[in-house]
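Contents: one structure, followed by commentary.
The values are calculated or read from the model by the stated rules, or taken from the named source; none is laboratory data. Nothing here was measured: the structure is a model prediction, and the numbers come from that model. Cβ coordinates were reconstructed from backbone atoms using ideal geometry, including for glycine residues, and neighbour counts include every protein chain displayed.
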Amino acid sequence: MNIEVVVFGVSFVVALGSSIAMLFAKNAVHVALFLVAAQVALALTFLLQGAYFIAAVQIIVYAGAIMVLFLFVVMLLGVDRREALIEPLSGQRTIAVGLGALLAAEIVYVAVKGTEFVIGGRGEDALVTINEDPGNVKALARALFSDYLLPFEATSVLLVVAIVGVMVLARRMGHEGFLRETTEDEGSEGAETDAEVPA
Amino acid sequence: MNAIVDFLGGDIVVTAIVKTVVAFAALLLTTLIVVWAERKVIADMQARIGPNRWGPYGILQTLADGIKLFFKEDFRPRTADKWTFALAPVLAMVPSLLAFAIVPIGDHITIGDRRIDLIVADLNIGILYFLAMGSIGVYGVVLAGWASGSKYPLLGGIRASAQMISYEIALGLSLVPVVLAAGSLSTVDIVAAQAGSVSNVSFFNGVPVLEQIAELFSFVPNWYIWSQWPAFFIFLIAGIAETNRAPFDLPEAETELIAGFHTEYSGIRFALFFLGEYVHVVIISAMAVTLFFGGWGGPKPDFLPWIWPIGWFVFKTGLFVYLFVWLRATMPRLRYDRLMWLGWKRLIPASLVWIMVTAVVNTEGVSRNARLVVFGILFVIVLFWLGKGDPRLTGAVTPQRRRVHGPS
Amino acid sequence: MPEGGTYFGQYVTIGIFALVGVVLVLGTLQLAKLVAPNVPDTDKYTTYESGIDPIGSGWAQSNVRYYIFALLFVVFDVEAVFLFPWAIVFERFGTQAFVEMVIFIGILAIALLYAAKKKVLEWQ
């Protein structure tokens, strides 16, 4: 029993507890906050295993960026609005169950195979020795920019697709009045103030 | 007690506790002084006297204000969301406090046979830790805006968070060339890389005249401000925008949004928002010193050798805090569209270009001609960019006016 | 020093630092709760709308453009995170790493350019 076990216990309880709380929370913002707590707890477990860079990325990208995006969506839509009971995607539940089963199978597979996926060799000490010699970030970067170059470059294409997608979506929302309503308000406001000033 | 210490890993913990207590005491004391100093300096710039009642030159004014806020009622609107409302000020304060952990405030000191580095924790991912704390800090603003259940805070909160996330990108990207030049994410390594003199830089080696000129400047310290000044300016602008201070204080624009995201806060919770902002100012100043101005580096006489680095660090940080105050007294507030324009269309592309330039210059085996070509192209781009300018700056035609002239 | 690499001790320090920081802030709030007065009053608990009684709910529709900026933020945050390990190993890989990153940044720069051309980055 040492400090690592204690920290692991704490992060385990927080991650699991906030995940369960997330499922039962009624308020969309609370759901997002429980998710943030789970992400931070996960970052802690990464830290415990010596995966320093991944831990930082977990907080910067997941807890920092993606969850802020979630909160923005919630704030733009308004929490108080009644949730529509009709599913926008038909067969949503069936697909969710299928994907969930797939994910569970994946997790079990990785857990059984275990350390085979560790870069730079197998065994418990692999990450510890890597952290000692070239350093955590260096080892990761070397692997990323040589062996895993194609996935890395593909990431940029994926990100571009996301950007284009959101712009198309926002444009369509604008045509259906969602965006238009607010901009017209701003526009008329601006027109009033400008009209008072003799041009 | 001994059992607990052994259980936690021996003397690491004792050192950690001592460091923590000292760091928090120093940081909070500095923050109190900074609040007072800002009021005093601003007053001087506006030909007023400023606080002068409590203590000599009113130096205890912040303490008096703090005590007053302790005894003020702390209530929340009926429409507020109880837990989120309580969480927001904590999230605004704590990440700024924690970011201080990776700032090296001096060299090491030796007590007995134990070497103690004057930094709370030298993380191998120090720079990323700093960015992570910044990204958590956004929650304080977002949640305060949403949880108040009121219109002004909501608008202020969304506005503030959109501003913070936009400039967070530029802030992160401006750190990349520094990391590239130092070859490490640890702040201690980055400060160490800035030791020595400018004439050691190998860039001019082999060029006859330039080599001699470089030799003349051997007294100039090798700080990153010389080679990385574009990164520094991007960092500084983005840093000021991150702290939501003038000229980027749109989230708290009192003429438009009352007090922005903390309109509904009172008493001690308001004090936390207020102090959090100043802690953030101190952190950004300290990071600017660490990354671009050689950290604690400076002349080191024999008398009390360990105190000089701390003195230099405090002095340099103080200059940056003064700059923050000076800007607030001088600059008018930006308009929101201009703010977004600056962030997305100027700072982010500029930092990306600068990363590439630094990469080329730092590559071994790239010939001098190749470097010159890169600088030439860069020069043309900058000229083109400056010449193009922004139509709304030069023509003074705002899009709103255009709309009036259109259909009506 | 316990196992887990030379940096483990530093993370223990950070952990203690974080705990003390949180306790400090929460303690301040608790202390204030003890000494601050509590005088309930209905008007006090309404939201502030420039002195007029609040109209409607506390929620107001904001511009959908904020959402676009939030998404762009996620994209460029991921990019920035990739840049740091690249900067660390740059000395070793040299020209190869440079070309790799030019492609990566280039693709994302096209996206930013596209957004600029579609006038998404402009506020009006």
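Okay, residues lined up against (1) over 20 Å from the mean Cα position of the chain (by Cα); (2) among the aromatic types (Phe, Trp, Tyr); (3) closer than 30 Å to residue B:290 by Cα:
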residue: B:33; (1), (2), (3): no, no, yes
residue: B:60; (1), (2), (3): yes, no, yes
residue: B:71; (1), (2), (3): yes, yes, no
residue: B:78; (1), (2), (3): yes, no, no
residue: B:99; (1), (2), (3): no, no, yes
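When only residues in region B:51-78 that are acidic (Asp, Glu) and either part of a loop (DSSP other than H, G, I, E, B) or at pLDDT below 85 (or both) count, which is farthest from residue B:149 (Cα to Cα)?
To start, the set of residues in region B:51-78 that are acidic (Asp, Glu) comprises B:65, B:73-74.
Still in the list and also either part of a loop (DSSP other than H, G, I, E, B) or at pLDDT below 85 (or both): B:73-74.
Working: B:73: 19, B:74: 16 Å.
Across region B:51-78, the extreme among qualifying residues is B:73.
No other residue among B:23, B:64, B:80, B:16 is of a type in the set (A, V, I, L, M) and under 30 Å from residue C:49 (Cβ atoms) apart from B:80. Hey, does region B:311-332 have a residue that's modelled with pLDDT of 80 or more and touching a Leu at 6+ places or on another chain (Cβ under 7 Å)? Looking through region B:311-332, none of the residues is modelled with pLDDT of 80 or more and touching a Leu at 6+ places or on another chain (Cβ under 7 Å). Considering only residues that are in contact with a helix residue (DSSP H, G or I) (Cβ under 6 Å, 6 or more places away or on another chain) and of a type in the set (Gly, Ala, Ser), which ones fall in region B:30-70? Within region B:30-70, just B:50 meets the criteria. Tell me, please, whether a residue that is within 22 Å of residue B:181 (Cα to Cα), loosely packed, with under 15 Cβ neighbours inside 10 Å, of a type in the set (S, T, N, Q) and more than 7 Å from every other protein chain (Cβ to nearest Cβ) can be found in region C:24-39. No, that holds for no residue.
Tell me which residues, restricted to region C:58-108, are part of a loop (DSSP other than H, G, I, E, B) and more than 25 Å from the chain's Cα centre (by Cα).
The one that is part of a loop (DSSP other than H, G, I, E, B) and more than 25 Å from the chain's Cα centre (by Cα): C:94.
Criterion first (more than 9 Å from chain C (Cβ to nearest Cβ) and either under 26 Å from residue A:36 (Cβ atoms) or part of a helix (DSSP H, G or I) (or both)) does residue B:142 satisfy it? Judged against the criteria, residue B:142 is a match.
Every condition in (1) within 22 Å of residue B:168 (Cα to Cα); (2) free of Cβ contacts under 8 Å to residues at least 60 places away in the same chain; (3) among the aromatic types (Phe, Trp, Tyr) is met by residue B:324 except one, and the failing one is (2).
Please find, within region B:106-130, the residue that is surrounded by the fewest Cβ atoms within 10 Å (Cβ to Cβ) out of those that are of a type in the set (A, V, I, L, M) and in contact with a Phe, Trp or Tyr (Cβ under 9 Å, 6 or more places away or on another chain).
Taking region B:106-130 and keeping what is of a type in the set (A, V, I, L, M), we get B:109, B:111, B:116, B:118-121, B:123, B:125, B:127-128.
Filter again for in contact with a Phe, Trp or Tyr (Cβ under 9 Å, 6 or more places away or on another chain), leaving B:109, B:118, B:120-121, B:123, B:125, B:127-128.
Numbers: B:109: 15, B:118: 20, B:120: 24, B:121: 24, B:123: 24, B:125: 25, B:127: 26, B:128: 27.
Going through the qualifying residues, I end up with B:109.
If the condition is being farther than 18 Å from residue B:179 by Cα and more than 7 Å from chain A (Cβ to nearest Cβ), then region C:77-103 contributes C:96, C:99. If you check A:130, A:86 for being at pLDDT below 80 and surrounded by fewer than 15 Cβ atoms within 10 Å (Cβ to Cβ), only one passes: A:86.
Of the residues B:135, B:166, B:161, the single one that is under 18 Å from residue B:245 (Cα atoms), within 14 Å of the chain's Cα centre (by Cα) and at the interface with another protein chain (Cβ under 9 Å from one of its Cβ atoms) is B:135. In region A:56-71, the residue that is nearest to residue A:4 (Cα to Cα) out of those that are free of Cβ contacts under 8 Å to residues at least 24 places away in the same chain and more than 8 Å from chain B (Cβ to nearest Cβ) is A:58. The single condition among (1) at pLDDT below 85; (2) within 7 Å of chain B (Cβ to nearest Cβ); (3) farther than 19 Å from residue A:149 by Cα that residue C:120 does not satisfy is (2). For region A:148-199, the set of residues classified as at pLDDT 80 or above and not in a helix (DSSP H, G or I) consists of A:148 only.
Working only within region B:215-270, note down all residues that are among the aromatic types (Phe, Trp, Tyr) and either within 13 Å of chain C (Cβ to nearest Cβ) or part of a helix (DSSP H, G or I) (or both). Break it down into steps so the answer makes sense when it comes.
First, the residues of region B:215-270 that are among the aromatic types (Phe, Trp, Tyr): B:217, B:219, B:223-224, B:226, B:229, B:232-233, B:235, B:248, B:261, B:265, B:270.
Listed by number, the residues that qualify are B:224, B:226, B:229, B:232, B:233, B:235, B:261, B:265, B:270.
Residues that are among the small types (Gly, Ala, Ser) and part of a helix (DSSP H, G or I) were ranked within region A:1-29; the one that is modelled with the lowest pLDDT is A:28.
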